1. Any residue at all in the range B:424-434 that is surrounded by fewer than 15 Cβ atoms within 10 Å (Cβ to Cβ), modelled with pLDDT of 90 or more and under 30 Å from B:LEU523 (Cα atoms)?
2. Within the range B:6-26, is even one residue touching a Leu at 6+ places or on another chain (Cβ under 6 Å) and in contact (Cβ under 8 Å) with a residue 60 or more places away in the chain?
3. All but one of (1) more than 52 Å from the chain's Cα centre (by Cα); (2) open to solvent by 50 Å² or more (accessible area, probe 1.4 Å); (3) within 11 Å of chain A (Cβ to nearest Cβ); (4) at pLDDT below 90 hold for B:LEU53, so report the exception by its number.
4. I'd like the full set of residues that are out of contact with any strand residue (DSSP E or B) (no Cβ under 8 Å at 6 or more places or on another chain) and closer than 25 Å to B:ARG602 by Cα, limited to the range B:332-343.
5. Give the residue, chosen from B:GLU28, B:GLU78, B:GLU66, B:GLU24, that is farther than 30 Å from A:ASP42 by Cβ, facing another protein chain (nearest Cβ under 10 Å) and outside any loop (DSSP other than H, G, I, E, B).
6. Can you pull out every residue in the range B:793-840 that is open to solvent by 50 Å² or more (accessible area, probe 1.4 Å) and not in a helix (DSSP H, G or I)?
7. Please name all residue pairs, on different chains or six or more residues apart, with Cβ atoms under 9 Å, provided the first residue is in the range B:420-443 and is closer than 12 Å to B:LEU247 by Cα and the second residue is polar (S, T, N, Q) and open to solvent by 40 Å² or more (accessible area, probe 1.4 Å).
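The values are calculated or read from the model by the stated rules, or taken from the named source; none is laboratory data. Owing to the predicted nature of the structure, the values given are computational and were not obtained by experimental measurement. We place every Cβ from the backbone using ideal geometry, glycine too, and count neighbours over all the protein chains shown. When the accessible area is computed, the model is the full protein with side chains, heavy atoms only, and any ligands, DNA or RNA have been set aside. Shrake-Rupley method; radii C 1.70, N 1.55, O 1.52, S 1.80 Å.
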Amino acid sequence: MSSRSERDDVAFSPQVFHILLALADGPAQGYAVMQSVEQETDGAIRLGPGTLYGAIGRLRSDGLIEETRAQAGAEQGRRYYRLTARGRSALRREAARLERLVAAARARSVLPAEGT
Amino acid sequence: VRTRWQGAVYAMLLRAYPPEFRAEYGREMATDFSALRAAAARGERGAGQSVWLRVVVDVARSAPRERWHAWRSHAQREREARRARGVPDVDVRGAVVAGFAVFLLYWLTLAPSAAFWDAGEYITVAHVVGIPHPPGNPLFVMLGRSWDLLLEGTRLTTAERINVFSALCSALAHMFLFLCIDRAFAGVHPRIGTLHPRVGTLLRRVAAGAAVAMSATAFTVWNQSNVNEKVYTVSFLTTLATAWLVLRWRDTRDPRLLILAAYMTALTAANHLMGVLAVPAVLVFVWSVDRRVFRRRRIWAAALPLLVLAGSAQLFLPIRAAERPLVNESDPVCNTLTGAAVSIYTAGRHGCDALSATLRREQYGERSVLHDPNAPGTLRPARLVTSQFVNYAQYLDWQWARSVAGSAPLFGGMRPLITLLLLALAAAGARAHWRADRDAALLHATLLATFSVGLVLYLNFRWGYSIKLAEFPDPRMHEVRERDYFFLIGFSLFGAWAGLGIVQLWRRAAERLGGRFLAAAPLLTLALLPLALNWSWASRADDWTARDWAYNVLMSVEPYGVLVTNGDNDSFPLWYLQHVERIREDVTIVVSPYLGSEWYPRQIRDISRPCPVGFDPALRPTVITCQRPFRAAQVHPRLLAAWGGAPVEPPGDSVLPLNDAEIAQLASGYFVADRPLPLRVGSLDARIATGTFLTPVDTFVAAIVQSAFGHRPIHFMTPSPILENLGLLEHTVRVGLTYRLNDGRAARELVPLPAHVQRSSLGAFIDLAVTDTLLHDVFIVRGRVADTDLPWVDHANLSIIMQYSLAHYAAAVAHDLRGDAAAVEQHARRLDFWSRFTRG
């Protein structure tokens with residue numbers, strides 16, 4: 001089975017993209033990621049624990065995120081995850097890809113021009 | 001309390017995930033679930049009432065995915081561990097391709113409908129969830145019905161679906177055979193010095209492929225896999241699957257594989273005991289690999305509950321019998337679960353009488369391996385044992401070149417030479433197998449010995465169907481048909497060794513050619529020999545003979561008629577037509593040999609009793625309720641006209657209006673008529689001759705005649721010994737393929753047949769108008785039987801085909817009496833067509 005690193009050019013699923021995005025600001029535990037994704041998507045993506053930790057497991061084994069020690073003031077007994085350098089880079093590439101897509105859509109008037 | 005309860009339920013839901021996933025994230029998930037509930041309790045946006053819905057949907061979507069990922073990584077780890085230990089991988093893809101190829105062959109040659117013998121019975125019971133003849137085969141019925149339902153949305157008919165089931169079981173068996181052979185040759189490295197390692201792998205694959213090809217195209221294996229005539233293809237599958245499991249256990253030493261093999265062997269007993277015959281070979285194999293296993297209590301502790309569970313499949317019999325399905329042979333009822341369990345787990349020695357009798361196959365009587373089946377009480381003579389092995393050799397001789405001198409059943413023409421060649425190849429294959437993997441070869445050899453020599457000794461046949469006919473002309477001293485199907489599994493294993501022998505030949509030739517495998521490859525075409533030489537005999541494609549014959553018989557019976565049949569072969573296709581295709585359900589079929597029991601007359605009584613007002617038996621299509629209606633739309637308009645129209649109302653009484661006590665009394669009555677016994681009812685005045693030995697079969701038929709004569713047409717399958725016993729031959733009217741008792745109801749003219757023609761073969765009269773309509777307008781004859789170039793495979797069925805000849809002959813005689821030369825010529829041509837099978 002090819003790993004994520006071997007298929008960096010493959011688009012992330014919306015769920016995975018938003019999980020990575022939720023970790024872009026810094027380490028977070030699972031429930032915080034769930035809340036962040038839900039708020040970010042205005043409730044369009046509501047992750048359940050099984051889906052979330054399944055995705056976290058695969059992102060960890062692909063080396064895109066890693067477990068980290070709890071930060072000062074963090075909830076005791078919870079496990080925190082953060083982006084690795086590779087994860088941040090992959091997220092950046094994906095965001096850029098999406099940006100290009102949006103720009104292409106604007107160029108064809110599928111979306112209104114920026115600022116209008 | 002509520003919080004704790006909800007947490008406990010979520011913890012239970014978490015069990016849906018694989019253990020390693022739970023260990024890693026279970027605690028976090030439970031904490032997040034608590035947080036979600038707390039948010040919902042605070043009324044936070046998005047949490048609301050949907051927390052449970054959200055987590056249940058989440059578990060349903062994500063748990064299977066995690067299980068799949070866990071299984072994949074587990075399999076990957078196992079593969080790596082095996083590689084590290086030097087245990088070779090097997091070619092699963094190759095096995096799937098081989099299984100698919102075998103399935104394709106059986107699909108191309110698949111019977112389109114029911115065949116003779118037990119095919120009609122098994123298709124019927126799979127469709128109506130019935131109980132076939134003892135031992136009842138509950139596993140087959142459950143699997144068959146599930147398969148029937150699974151394919152319900154397809155364009156396949158029920159008969160095709162069940163025939164496909166047989167093909168699938170055999171194809172899967174061959175998939176396991178491929179794996180067994182591939183594994184056995186995994187450690188073998190060709191001795192040719194310059195050989196590329198990949199050629200070694202190629203040799204393994206070719207060896208497995210050739211073994212599968214020779215096994216799958218062996219005549220009996222093929223001919224039994226393209227129709228569901230028996231339940232042995234299920235046994236075949238479990239035997240080969242068990243062999244594969246124990247071979248894999250040797251590699252992995254995972255005790256779960258042994259436990260699964262034990263479970264499968266116990267489960268296959270609920271199909272037929274044939275599959276259990278794999279046990280000696282498995283025990284020998286496990287003993288030779290690691291006998292310490294037998295002393296491991298944990299394995300026994302894990303296996304025993306599973307063995308008990310597997311045995312519980314037999315509970316199907318009393319549970320379904322209580323619902324009175326349309327086919328309910330031996331009626332294996334049991335009023336208590338405890339009684340049923342005792343019957344099942346003591347193999348019928350104790351517990352409920354009816355269920356135990358079915359499990360012990362009591363209706364077939366005791367057949368001791370020590371005694372002569374033709375003379376119970378005397379020891380099995382040595383010459384009979386010799387003849388039984390000759391009989392086996394005869395069937396072995398059929399396996400690879402059935403079409404060579406095909407019409408000679410006993411070692412005809414050049415066929416024995418081809419058989420000897422293949423036996424020599426099988427010996428070479430066995431040697432190669434032994435050299436490659438002694439354990440696997442021992443397993444193969446023990447299985448082969450059990451399914452050949454062991455079976456010959458255990459089955460203790462009478463004289464073979466086509467053996468010593470001159471010395472023992474009485475057909476009762478012979479088997480009623482050729483019995484090669486019993487040896488299906490053994491012939492498969494023989495074929496596999498012959499396939500290995502062909503590969504050995506190829507390898508040797510390549511060695512002599514300096515390692516040029518491609519140059520020697522034409523030798524491999526030997527593995528296609530049986531495909532070519534068996535096709536015309538093994539194929540059942542376009543064979544509608546049994547189905548159309550059943551249709552023609554049922555159309556010969558007038559509305560609401562009774563039809564007394566002679567046995568399995570002339571009854572099961574009729575069951576199929578009535579209960580599966582739902583054609584002429586109004587006819588009450590009476591399988592005369594079953595009348596010797598108490599359960600069958602009760603079923604005949606109930607299936608023909610009038611329905612309560614307003615009750616439609618079609619609402620309960622799979623169980624015995626009451627008389628099913630005649631549907632004129634199923635009958636050709638000319639036949640309806642020849643009958644003088646369709647009846648308006650069904651008869652007002654059962655064909656056998658007796659209570660249980662009266663039935664029990666008749667069922668025990670055997671006597672000799674010490675004076676002429678009159679059988680008078682209405683216009684019928686018959687006489688049972690002095691000295692006639694009357695069995696319950698005769699007595700019940702006499703009771704049916706007494707009660708139904710004049711109310712229902714009473715038909716008999718021809719010829720019927722019961723007619724002679726009851727003195728009814730002079731009262732028979734030939735109608736198509738049946739005789740009807742002359743009840744004087746038909747307004748049509750009956751033509752008396754001359755006294756010199758044999759009454760038992762033609763009848764005393766012929767209803768010429770109806771018979772002509774049947775023979776010319778109604779009867780369906782299509783497919784294989786109409787192809788004059790194809791052989792008639794099963795000689796024992798010729799007596800059924802002969803009935804067409806006799807019907808045309810009787811009609812020709814009647815037309816001749818009337819001076820209608822053109823009609824005589826027309827029937828004579830058809831007579832000639834049908835006689836071609838018997839002439840040879």
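1. yes
2. Among the residues of the range B:6-26, not one is touching a Leu at 6+ places or on another chain (Cβ under 6 Å) and in contact (Cβ under 8 Å) with a residue 60 or more places away in the chain, which makes the answer no.
3. Among (1) more than 52 Å from the chain's Cα centre (by Cα); (2) open to solvent by 50 Å² or more (accessible area, probe 1.4 Å); (3) within 11 Å of chain A (Cβ to nearest Cβ); (4) at pLDDT below 90, the lone unmet condition for B:LEU53 is (1).
4. B:VAL333, B:CYS334, B:ASN335, B:THR336, B:LEU337, B:GLY339, B:ALA340, B:SER343
5. Step by step, each of B:GLU28, B:GLU78, B:GLU66, B:GLU24 is checked, and only B:GLU24 is farther than 30 Å from A:ASP42 by Cβ, facing another protein chain (nearest Cβ under 10 Å) and outside any loop (DSSP other than H, G, I, E, B).
6. Correct list: B:GLY819, B:ASP820, B:GLY840.
7. B:ARG438/B:SER288; B:ASP439/B:SER288; B:LEU442/B:SER288; B:LEU443/B:SER288
Results for (1) open to solvent by 10 Å² or more (accessible area, probe 1.4 Å); (2) small (Gly, Ala, Ser); (3) modelled with pLDDT of 95 or more, shown as yes or no for each residue.
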position	(1), (2), (3)
B:SER170	no, yes, yes
B:ALA173	no, yes, yes
B:ALA186	yes, yes, no
B:ILE192	yes, no, no
B:ARG204	yes, no, no
B:MET214	no, no, yes
B:PHE219	no, no, yes
B:TYR232	yes, no, yes
